[in-house]
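Some notes on the structure that comes next.
The values are calculated or read from the model by the stated rules, or taken from the named source; none is laboratory data. Note that this is a predicted model, so its numbers are computed, not measured. Positions of Cβ are generated from backbone atoms using ideal geometry, with glycine treated the same way; all protein chains shown enter the neighbour counts.
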Amino acid sequence: MSTRDDDILDFDFFDEEDAPTWEEPSERGGPPPARTRRPRGPRMRPPRNLTPLLRLVALIALAVLVVVLLAVWVEGCTTEAKRDRYDDYLAEVGAVGNASARLGQQLSTLLTTPGLKQEDLDARLGGFVQTAENQVQRAADIDPPGPMVRPNEGAVEALQYRANGLRGLRLAFQRTADETDPAVAGEQLLAQSRRLLASDVIWTDSFQAPAAAVLEEEGVEGLDVPSSEFVTTEELVSASDLAALWQRIQGASEPGTPTGQLRGTGIAYVKALPSGQLLSTETETQILATQELAFEVGVEGTGESQEVRIRVTLTIPAQPDPIVKRGTIAILDPGETKAVTLEVGALVPFGETIQLQVDVEPVPGETNTANNTASFPVYFSL
């Protein structure tokens, strides 16, 4: 075998490739040997231009947040504005209702004024009518929120009933000035008083209840619908009481006309509350002292004429100062018994028997005052 044959037979079976080399090129200046690389499999590459995408997402999220916050702020402002609108309205109509209620109290005070004469009553009632008509106009001029239009009309109607009732009451007193039968006068006065009583019902049913329903439907919370009570004494809703009232006023207007031969009041009973124990002037009464402790004093009309503004005083000896409570009975007819409640509480002397005293102020012309004062032995315990 020749040398040429050896060269032919000198080969690798798998023809392996030489590993790549990073040697410097030969000094001979020839071209560098070719670099061979092994085949590579697929690999994941990070996406290019990621920063702009993240910025876009952040801007969208920020925009959504701004829109949500703006919507919440607008809704909050709208809710607050609505509540303020209703609050302002209720305050305005409430001011009228309170003024009307005070007018009713003034009427009650007028009718229970001792020695009230017909001419004085007529002048005062004329002023009351004018005041009531002004209140009607004030309520009618109010600009309520849309849903409150109907309730506001109910308030105006109630106030109109009061103005009409006062006007009718004044006319009734004028027309019965020459009447001889108190019962007839009492019926005529009652017809007008019923308008005043009806005004309280209208205020409650046609204004107060519907207005509260509107607040609930509108989702307005924390506001109270104002009340307004004109008739606060039961004497204005009874024909017999009004007849006695008329008779007393007529008697004061005509001094020569007797309205009763006797005048007077007296203590009918004294009762401890809330226990209900009746006090005795002869035997000691043991009373449990609580925060709710009070005394009910019954006063009887012992004369033959109607009495007004009967003052009652209760005194409990104590140190350093006695406990004094006072009350008033507006009107008391002959033979009638009415009570006044005087609240005391738990701050009373303990551990000893004391004399609780009750005094009923004598009315003008009263001659027998023996039953206007009484003392009751009591013992307060815990």
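Of the residues G345, G365, G298, G351, which single one is under 24 Å from S108 (Cβ atoms), modelled with pLDDT under 95 and either among the small types (G, A, S) or surrounded by fewer than 19 Cβ atoms within 10 Å (Cβ to Cβ) (or both)? Within the list G345, G365, G298, G351, the selection yields G365.
Looking at A211, A163, A155, A191, which is the one that is at pLDDT below 95 and among the hydrophobic types (A, V, I, L, M, F, W, C)? Before the answer, list the steps.
Working: A211 fails: at pLDDT below 95; A163 fails: at pLDDT below 95; A155 fails: at pLDDT below 95.
Exactly one residue qualifies, and that residue is A191.
Scanning the stretch 101-126 for residues that are out of contact with any strand residue (DSSP E or B) (no Cβ under 8 Å at 6 or more places or on another chain) and of a type in the set (V, I, T) returns a single hit, T109.
Can you pull out the residues in the stretch 345-382 that are part of a loop (DSSP other than H, G, I, E, B) and in contact with a helix residue (DSSP H, G or I) (Cβ under 9 Å, 6 or more places away or on another chain)?
E361, P362, E366
Considering only the stretch 256-266, I want to know if a residue exists there that is touching a strand residue (DSSP E or B) at 6+ places or on another chain (Cβ under 6 Å), at pLDDT 90 or above and surrounded by 13 or more Cβ atoms within 10 Å (Cβ to Cβ). So far as the stretch 256-266 goes, yes, one or more of its residues are touching a strand residue (DSSP E or B) at 6+ places or on another chain (Cβ under 6 Å), at pLDDT 90 or above and surrounded by 13 or more Cβ atoms within 10 Å (Cβ to Cβ).
Give all pairs with beta carbons closer than 6 Å in which a residue from the stretch 312-338 that is free of Cβ contacts under 8 Å to residues at least 40 places away in the same chain meets a residue that is in a loop (DSSP other than H, G, I, E, B); count only pairs at least 6 apart in sequence or on separate chains. The qualifying pairs are A318/P349.
Residues in the stretch 144-178 that are charged (D, E, K, R) and free of Cβ contacts under 8 Å to residues at least 24 places away in the same chain were compared, and the one that is farthest from Q130 (Cα to Cα) is D178.
Which of the residues belonging to the stretch 189-231 are closer than 26 Å to E179 by Cβ and free of Cβ contacts under 8 Å to residues at least 24 places away in the same chain? Result: A191, single match. The number of residues in the stretch 117-151 being touching a Lys or Arg at 6+ places or on another chain (Cβ under 7 Å) and outside any helix (DSSP H, G or I) comes to 1. Considering only residues in the stretch 328-344 that are in contact with a Gly (Cβ under 8 Å, 6 or more places away or on another chain) and part of a strand (DSSP E or B), the one that is nearest to A244 (Cα to Cα) turns out to be L332.
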